1. Could you grab me the full set of residues in region A:340-359 that are buried (at least 16 other Cβ atoms within 10 Å of the Cβ), farther than 20 Å from A:R316 by Cα and without any contact (Cβ under 8 Å) to a residue 24 or more places away in the chain?
2. Do you know which residues across region A:303-328 are within 21 Å of A:L280 (Cα to Cα), of a type in the set (G, A, S) and open to solvent by 10 Å² or more (accessible area, probe 1.4 Å)?
3. A:D375 fails exactly one of the following numbered conditions: (1) open to solvent by less than 70 Å² (accessible area, probe 1.4 Å); (2) more than 8 Å from chain B (Cβ to nearest Cβ); (3) in a loop (DSSP other than H, G, I, E, B); (4) closer than 27 Å to A:A531 by Cβ. What is the number of that condition?
4. So which residues in region A:1-18 are within 30 Å of the chain's Cα centre (by Cα) and not in a strand (DSSP E or B)?
5. Go through region A:492-536 and count every residue that is under 20 Å from the mean Cα position of the chain (by Cα) and among the polar types (S, T, N, Q).
6. Count, please, the residues in region A:436-451 that happen to be more than 13 Å from chain B (Cβ to nearest Cβ) and touching a residue at least 60 places away in the same chain (Cβ under 8 Å).
7. Any residue at all in region A:10-33 that's in contact (Cβ under 8 Å) with a residue 12 or more places away in the chain, polar (S, T, N, Q) and within 19 Å of A:V201 (Cβ to Cβ)?
Amino acid sequence: MIDKTLLAIENVSISLPPGADRPFAIEDVSLTVNRNEIVCLVGESGSGKSMTAHAILRLLPDRTGVAQGSISFNGNDIAKADEPTMRKLRGGAISMIFQEPLSALNPLARVGQQIAESIITHTKPTPSKEAVDARVQELIRDVGLPDPVALARSFPFQLSGGQRQRIMIAMAMANNPALLLADEPTTALDVTTQKQILALVKKLQSERGMGVLLITHDFGVVADVADRVVVMRNGRVVEQGTVDEVLRNPKDDYTKSLIAAVPGARSLTKADRKITGEPLLDAVGLNKTFITKQGMFLPPRRTDAVQNISLGLKARETVAIVGESGSGKSTLGRLIMRLIEPDTGSVHFDGKDLLSQRGERLRQMRRKIQIVFQDPFAALDPRQKVGDAIAGGPIAYGTPSKEAMADAKRLLARVGLQESAANRYPHEFSGGQRQRICIARALALKPSVLVADEAVSALDVSVQAQVLQLLAELREEMNLAMIFITHDLRVAAEIADRIVVMRRGEIVEQGETQKIFQNPTDAYTRALLDAIPGRAMFAGPGARQAEVASA
Amino acid sequence: MSTLKSFLRHPTGMIGLIVLLAVVLLAVTAPWLFPDDPWDMVGAPFQPPFSEGLWLGSDMLGRDVAAGIAHGARISLIIGVISTLTSLVIGVTIGATAGYFGGKVDEVMMRITELFQTIPGFILAILLVATIGPKISNIIFAIGIVSWPPLARLTRAEFMRLRGREFVQAAVCQGQRPLTVVLRRILPNAISPIIVTGSLAVASAILIESALSFMGLGDPNLMSWGFMIGAARTVIRQAWWMSVFPGLAILLTVLAINLVGEGLNDTLNPRISRKR
């Protein structure tokens, strides 16, 4: 009988180059992965979870290295193995899949070739072309893709995100690895695709008896697939155990806070917020079609991003627009902001036609509708001080700069930053802090409508929870109406009064949050609800109500 | 500050900067080093280097070659810098307008730019100077006219990249006026590659000026390196020093400016400078 431990990492530390914010990326980390089991490595960004996985294959960045400890795979210490040995392991007995399948695939080679390459590299003597082709098609079929012959001939850009990730998995499976390292394999994917990919990983794992080390920041994913969990923080393991132990009975405070931060578990919105009256913002029959030229001899490609959408938003109301990528939800937000002009349709704000405004009149109306973008790193000018960024809006509308700056400092304090932040540049702040700055910038103009375009999607769960809390508080203080665009139904459940579900540019269902969760009428809404990771463990508000009702 | 520091650590950039500063120093001190008019006869003609009082020799009319080089440095640098500024003003304005507004405006602007790009630059410069007369202001104008298209193209590309960025959209949503958005938000973020290309344009402007003077189209009242080579080319086999020293001056100056430009590129481009 062979040893059941497949991978054992013992007391491993990875040193960082001098001048980094801490001396070690990971410190004294020990964990094991057995055959036929999925171990989830959980932690926030910067916790060292990716470093740990990369250290196993020795794919560390320059000037970092394993300072101490041992990594044993199948009983052999690979921390000190030579480069040829490591090369044989990579993609052979240990393979890896990455977060972003588009950048992990070679854009200029057909996917079949790329899978074949990983077979040929590791098989001596080189198998015949027919044998390789047959194996490639078998692998493509194994990862659940239709029509393997045609698919093998496509280029990465012709495939969807989910299909690309399946191709990455097929490449990883090419040499029947004993250990699969999956670095946030579903973070870049939509929820429904995420569910399929996780099911695929689980199926392949149990068929082949593989060990899987899956890195994720989402406890929902952990609840769905893991056998055991390792929680990391600041480069150290804070807790590990079986999934039931850790999730139902967390011992460490940090684990507790992470589990509590999983969205959907709380509700920030009171059941009855007494929202009545005429809509403040009223969009009717909006249409937007993007036409992209495809070269001289091809017909231009038409994408109906938004089709005949009508949306009303009352004062103080929060409407969440939920949909997968490509559903047109961001386009809708930008149409309302007039960052894009619609083809047809009308938007009325406070009784005035927003779309017919030009020049100065448009500028005057703009201040009433503000936006917070998804990526806090792209949304702030790297060369502008935070205070100037926030005060810039009011100054543009004629507020004296001294007064505007004082207001900016007050707002910074309100969103939970120091007033001295006003004199610093954006790069000195973390993602969550930057998003707070973006919120302060939007609110500096005292708008009545705030469009939050995936405003919390790029943040770690615990930061996400804090920012959501902040938004919930601010909308009460400032009587804000909010359009909350998100792909995550769990987040929508926490903050929205009403949910609008979009698919391929159309609204498929809308209704009050509770209603959507309890009685979804549309099949697509149901699919979205089913795909919520960890639905069994972290029941949404609807599920909890249902339990209470049935009890 | 950190940009300056990392530039000071850039070896070839520093060599370039030192040579360039030496040329600038020579240009500034020329009236004191060589108080006489460089056109004056100061000795016997055809004196080789290291003759008495003439350490770079004299030309066929007995003028001091060293004095010519020192005074020529002033002309070369002035023309290089001012004509580059001219082309920057034209190029950045056209590129920024095209890149920011896009659509029809972009189409028109880019057709105009292409028109200038299809005409060989040097021939156009010759034509312009020959038509409007060889005066220093006309030479600067001609060089500016032929060297703006690459700057316009570059600025346009940068503006198109930045126009869709979220921080620019945020500024629009904040109610900032288009001119403020362009000058305060987009331009500062696009300026690094423009500075680099601009610094290299100084070198090519100096070369164009030398070539124009070589062909006898320089300002007849001003001593320039190109004129010195042009005048001495007929006697190059008898008196090599008359053309070699001004040639070396052009070579060193252009090389130095290129090195500085490279150094700026490496330090201002975050992808390269972060690797250091």
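The values are calculated or read from the model by the stated rules, or taken from the named source; none is laboratory data. Because the structure is predicted, anything quoted here is derived from the model rather than measured. Cβ coordinates were reconstructed from backbone atoms using ideal geometry, including for glycine residues, and neighbour counts include every protein chain displayed. Protein only, heavy atoms only, side chains kept; ligands, DNA and RNA dropped before computing areas. Shrake-Rupley method; radii C 1.70, N 1.55, O 1.52, S 1.80 Å.
1. A:L355, A:Q357
2. Hits for region A:303-328 are A:S310, A:G312, A:A315.
3. Just one mismatch for A:D375, condition (2).
4. Across region A:1-18, the qualifying residues are A:L16, A:P17.
5. Qualifying residue count, region A:492-536: 1.
6. Just the residues of region A:436-451 that are more than 13 Å from chain B (Cβ to nearest Cβ), to begin with: A:436, A:448.
In the following step, the residues that additionally are touching a residue at least 60 places away in the same chain (Cβ under 8 Å) were identified as A:448.
Selection size over region A:436-451: 1.
7. The answer is no; no qualifying residue exists.
One line per residue, one yes/no per condition, for (1) surrounded by fewer than 16 Cβ atoms within 10 Å (Cβ to Cβ); (2) in a loop (DSSP other than H, G, I, E, B):
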| site | (1), (2) |
| --- | --- |
| A:G387 | no, no |
| A:G398 | yes, yes |
| A:K402 | yes, no |
| A:D407 | no, no |
| A:L417 | no, yes |
